[in-house]
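What follows is one structure encoded as structure tokens, with my remarks underneath.
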Amino acid sequence: MSAVAATLRPIPFPTRPMVRRDPAAQAFLLLRVLFTIAPILFGLDKFAEVLNDNWSMYLASQFNDLIPGNAADAMHIVGIVEIVAGVVVLVTPRFGGLLVAGWLAGIIVSLLLVGGYGDIALRDFGLLVSALALSRLAAGFEDRHATGEPRTGGVAHDAR
């Protein structure tokens, strides 16, 4: 299988016994849930404006000039992309983790261009690294559901 096909292949959730015994499976599950739910909620909030009633303040004018319409339209497009990214993580976390990491990189650049949001950019950098970790963990879970064991190396299992 090519690297691209492997990256895009859907990966099932780890089994309950696997999650109970394997810290890597626990981390994979936690990150997968986080990066499914958070982007979807942030994307929906671009329309509902419950968490923030002025998402446009985070949009750098350089980005706004590239996106059709005004800043509010741009944030609706951003919301749609975030919702799609969350769904992609749900289905294919290896690619979804990379997608979310790239998206977060764009958000970081926008925050730094706007200025005054270095604290949020730093937090988003932590999320970016976590999304990359999700992608790497997903690579280890590609065929794990079939055998119940790590593909290579893996975490040592408790021999109780």
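Once the Cβ-Cβ distance of THR15 and VAL81 is raised to the sixth power relative to R0 = 25 Å, the FRET efficiency obtained is 0.20. Each peptide in 122-133, 35-46, 63-74 gets a packing score, the mean of other Cβ atoms within 10 Å over its residues, and the list from highest to lowest is 35-46, 122-133, 63-74. Placing +1 on the Cβ of every Lys and Arg and -1 on the Cβ of every Asp and Glu, with no other charges, gives the chain a dipole of roughly 820 debye about its Cα centre.
When you restrict to C-alpha pairs under 8 Å that are six or more residues apart and normalise by the size of the stretch 1-113, the relative contact order lands at 35 percent. Backbone geometry of the stretch 72-85 corresponds, through the Karplus equation with coefficients 6.51, -1.76 and 1.60 at θ = phi - 60°, to 3J(HN,Hα) couplings of 5, 4, 4, 5, 5, 5, 4, x, 5, 4, 5, 4, 4, 4 Hz, x marking Gly and Pro.
If you look at the Cα atoms of the chain, you get an Rg and a Dmax of 17.8, 61 Å. What shape does the stretch 56-140 have by the C-alpha gyration tensor, where a ≥ b ≥ c are the square roots of the eigenvalues, rounded means a/c under 1.5, and otherwise prolate means a/b greater than b/c and oblate the rest? It comes out oblate by the Cα gyration axes. Calculated mean residue ellipticity, 222 nm, the chain: -22500 deg cm²/dmol, from DSSP H runs (n ≥ 4) at -39500 (n - 2.57) each, averaged per residue and rounded to 500. The value of relative contact order for the stretch 76-125, using C-alpha pairs under 8 Å at least six residues apart, is 23 percent. In this structure, LEU66 and ALA121 have a Cβ-Cβ separation that, at R0 = 25 Å, corresponds to a calculated FRET efficiency of about 0.80.
Rule-based calculations on the coordinates, nothing more; no lab input. Predicted model only: the values in this text are computed from it and were never measured. Positions of Cβ are generated from backbone atoms using ideal geometry, with glycine treated the same way; all protein chains shown enter the neighbour counts.
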